[in-house]
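Reviewing the structure listed below.
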Amino acid sequence: MDQKSKKIETVLSENRMFKPSESFQAKAHISSMQEYESLYKKSIKDNLGFWESIASELTWFKKWDSVLDENQAPFYKWFVNGKTNISYNCLDRHLDDATRNKAALIWEGELGDQRTLTYNQLFREVNRFANALKNLGIQRGDRVAIYLPMIPELAISLLACARIGAIHSVIFAGFSSESIRDRIHDCEAKLVITSDGGWRKGNILPLKNIVDEAVKDCPSIKHIIVVKRSHSDPFPCHIKEGRDHWYHRLIDGVSGECQAEEMDSEDMLFLLYTSGTTGKPKGVIHTIGGYMTYTYLTTKYVFDLKPEDIYWCTADIGWITGHSYIVYGPLLNGATVFMYEGAPNYPDKGRLWKIIEDYSISIFYTAPTAIRAFMKWGDNWPNKYNLSSLRLLGTVGESINPEAWMWYHQIIGKEKCPIVDTWWQTETGGIMITPLPGCTPLKPGSATLPFFGIEAEVVSEEGKDTEAGILAISKPWPGMLRGIYGDSERYKETYWSKWPNKYFPGDGAKKDKDGYFWILGRIDDVVNVSGHRIGTAELESIFVEHKKVAESAVIGIDHDLKGQCLIGFISLKDSVKATDDLASELKDWIGKKIGRFAIPEKIIFSQDLPKTRSGKIMRRLLRDIASGRTLGSVTTLADAGVVEQLKVKYEED
């Protein structure tokens, strides 16, 4: 293939720009672009000095010998020989000031039950559970699997493990027993923390029963701790004598004092499994000191946190977003975090907006997939509620298309809330490219500019600067992953082999005349149609600009003449009927907006699209359907039935 054909073409043009209001700027941590640019330049020019100053704002039992060790790159080490504890920094550090009796966690269950824990109360709960874990023989370095719904005990479990130096591996409470088993096998966990059940759309998910099935073939598991969550007495589950323990009985009478273990900066904090292209999950390793420093700073500046904020990230703690921006980042900053257990449309589609009104939520961080679902449900749902407490909105998980951004801005933010459109990954530990809400002029659909200390580039396959190509990170950062558990070669091959000394995130990107970054989706999702290489994310954004379209997924399949052709899977807004005329209308829409070369070969209408439980569209499965291949694993899907329905529709078309 020649060099010209390797270049990614950009088809989306966005000229709208929204500046922060003067009132928001006046109170912001970073309140002008001049201030951002000055601090950013310092963070790049004196990178180690910058991170040393930030780390010094946290508590260390022993200061580091050096900020960064690059001698064994890409196995970087941060704050070398420093001693600290992230649980101590999240809790103990706040007990001697006004934060002691401030709400740390405010929680609401799907059925409306509520619970609030102050920093002092959370400290006691974490200490009790940490002691209970030690009483079961859990020691520093042991792996603990966690399979819990979104209840306070989930956050408590993370902090208790971190307190005693145990390595937590959270498994989203929706994965199958097979997925749990594979993760336990890989890390040889000694203990699982689960619950009798978890509520979702008015039904109880039998989590303990799923765990029982998983551990039948897991000899490393010595204990299972079970939190009583359901309102039955209890939800039917088997308790195996000697192995299984009710959480409430285990902590009863246990001391609320547990000294935090002095951990090395590079000791492992947690493993989080992310699906790989081979199907075998990758155990991404994050260590303590660098991750702590990075999540602390990104949370403070990206969300412009203030002491009075009620902060809500709608992610599940089973994903990296929940680790970094529900538990660790906010608590390191002494923030008040809201947690919700259930579905966003139970008992009706106004549940999230009612929560914002009821609790006066001021910061709301959610996924573009969720925003497109809200759009589909209609404006009347959010318009029923008072959302005036909101002062900042955010998006995470994938690129947000401009029309969804505008809906979020107008209907939820009432045109007064900045939107921080954040790009980052499980592997990066924290936010990498983002606006800062008090200073960055916003462009709908752009993640804008790199965060402090992050040197981002758009490069060609050969690693040379280009306008539209592949995103690369050319400088190490404290929150970076430290490897893949048990597979150092896979770590080097996956992330560091494409170019010398550059991190390869696997995403396409473009950079505009203002230096703003636009994420074009996974490199795997670039389609070559008649010599035009187009990122499917841009095509999907253009579909969603159409007033009748709620969501879209575009894939490429082999074509004898064009090399590849496009297939569009379209989910329509409520009350819109799928017809052949509408399919023709959408094809014409693409032809007018981009060109006839980009018109899809087929339009397939579907009420929903196959998504992972974190909300990402599984284009791999759509390619399998369109190419007539055997379907790959569907265990990570939120609703596996969607795939079969689409397969039937595609074959009938």
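Can you tell me which residues in the range 438-447 are more than 20 Å from Lys27 (Cβ to Cβ) and either surrounded by fewer than 23 Cβ atoms within 10 Å (Cβ to Cβ) or not assigned by TED's automatic domain parsing to the domain that holds Pro476 (or both)? Once the filter is applied, which keeps residues that are more than 20 Å from Lys27 (Cβ to Cβ) and either surrounded by fewer than 23 Cβ atoms within 10 Å (Cβ to Cβ) or not assigned by TED's automatic domain parsing to the domain that holds Pro476 (or both), the range 438-447 yields Lys443, Pro444. Look at Gly591 and say whether it is surrounded by fewer than 19 Cβ atoms within 10 Å (Cβ to Cβ), farther than 30 Å from Gln425 by Cα and modelled with pLDDT of 80 or more. Here the answer is yes, as Gly591 does meet what is asked. Within the range 44-51, one or more residues are in the same structural domain as Gly445 (by TED's automatic domain parsing), modelled with pLDDT of 95 or more and closer than 22 Å to Pro330 by Cα. Apart from one condition, Thr278 fits all of (1) at negative phi; (2) at pLDDT 95 or above; the exception is (2).
Only one entry of Arg372, Arg391, Arg351 meets the criterion of being over 21 Å from the mean Cα position of the chain (by Cα) and over 29 Å from Glu22 (Cβ atoms), and that entry is Arg351.
Every residue, every condition in (1) crowded, with 23+ Cβ neighbours inside 10 Å; (2) within 25 Å of Trp477 (Cα to Cα); (3) among the acidic types (Asp, Glu), yes or no:
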site	(1), (2), (3)
Asp264	no, yes, yes
Gly289	yes, yes, no
Leu297	yes, yes, no
Asp309	no, no, yes
Gly318	yes, yes, no
Gly329	yes, yes, no
Tyr340	no, no, no
Tyr346	no, no, no
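Kindly indicate which of Ile523, Ile594 is among the hydrophobic types (A, V, I, L, M, F, W, C) and within 21 Å of Lys616 (Cα to Cα). I'd like the intermediate steps shown before the answer.
Values: Ile594 fails: within 21 Å of Lys616 (Cα to Cα).
Exactly one residue qualifies, and that residue is Ile523.
Does Pro435 satisfy being modelled with pLDDT of 95 or more and either among the basic types (Lys, Arg) or surrounded by fewer than 24 Cβ atoms within 10 Å (Cβ to Cβ) (or both)? So Pro435 fails the test. Out of the residues in the range 549-565 meeting the condition of being surrounded by fewer than 24 Cβ atoms within 10 Å (Cβ to Cβ) and in a strand (DSSP E or B), tell me which one is modelled with the lowest pLDDT. Across the range 549-565, the extreme among qualifying residues is Gly563. Looking only at the range 92-126, residues that are assigned to a helix (DSSP H, G or I) and among the hydroxyl-bearing types (Ser, Thr, Tyr) come to 1 in all. Candidates Arg140, Arg163, Arg183: the one that is under 18 Å from Thr287 (Cβ atoms) and in contact with a Gly (Cβ under 9 Å, 6 or more places away or on another chain) is Arg140.
Candidates in the range 448-475 are the residues that are of a type in the set (D, E, K, R) and either out of contact with any helix residue (DSSP H, G or I) (no Cβ under 9 Å at 6 or more places or on another chain) or within 18 Å of Ser38 (Cα to Cα) (or both); of these, the one that is surrounded by the most Cβ atoms within 10 Å (Cβ to Cβ) is Glu457.
If only one of Phe123, Phe79, Phe129 is closer than 30 Å to Trp499 by Cβ and not aliphatic (A, V, I, L, M), which one is it? Walk me through it before giving the result.
On the way: Phe123 fails: closer than 30 Å to Trp499 by Cβ; Phe129 fails: closer than 30 Å to Trp499 by Cβ.
Just one listed residue meets the conditions, Phe79.
Filtered by the rule that a residue be buried (at least 16 other Cβ atoms within 10 Å of the Cβ), more than 22 Å from Ile355 (Cα to Cα) and without any contact (Cβ under 8 Å) to a residue 60 or more places away in the chain, the range 94-120 gives a lone residue, Asn120. Tell me, which residue of the range 536-579 that is touching an Asp or Glu at 6+ places or on another chain (Cβ under 6 Å) and small (Gly, Ala, Ser) is nearest to Glu644 (Cα to Cα)? Going through the qualifying residues, I end up with Ser571.
The criterion of being farther than 30 Å from Pro347 by Cα, without any contact (Cβ under 8 Å) to a residue 40 or more places away in the chain and outside the structural domain of Gly289 (by TED's automatic domain parsing) holds for Val215. Select from the range 379-406 the residues that are over 23 Å from Phe543 (Cβ atoms) and among the polar types (S, T, N, Q) and list them in ascending order. Passing the criteria: Asn380, Asn383, Asn386, Ser388, Ser389. The criterion of being among the polar types (S, T, N, Q), modelled with pLDDT under 95 and either in contact with a strand residue (DSSP E or B) (Cβ under 9 Å, 6 or more places away or on another chain) or farther than 22 Å from Phe61 by Cβ (or both) does not hold for Thr287.
Within the range 188-206, the set of residues being closer than 21 Å to Thr274 by Cα and surrounded by 22 or more Cβ atoms within 10 Å (Cβ to Cβ) comprises Ala189, Leu191, Val192, Ile193, Thr194.
Every listed requirement among (1) over 30 Å from Ile625 (Cα atoms); (2) more than 26 Å from the chain's Cα centre (by Cα) is met by Ile557 save one, (1). Total residues in the range 53-79 satisfying the condition of being among the hydrophobic types (A, V, I, L, M, F, W, C), surrounded by fewer than 17 Cβ atoms within 10 Å (Cβ to Cβ) and either in contact with a Cys (Cβ under 9 Å, 6 or more places away or on another chain) or outside any loop (DSSP other than H, G, I, E, B) (or both): the figure is 0.
Taking the criterion of being at pLDDT below 95 and part of a strand (DSSP E or B), the residues of the range 193-220 that qualify are Gly198, Trp199, Arg200, Asn203, Ile204, Leu205.
The values are calculated or read from the model by the stated rules, or taken from the named source; none is laboratory data. Here the structure is a predicted model, which means the values were calculated and not measured. Note that we place each Cβ from the backbone using ideal geometry, even for glycine, and neighbour counts take in every protein chain shown.
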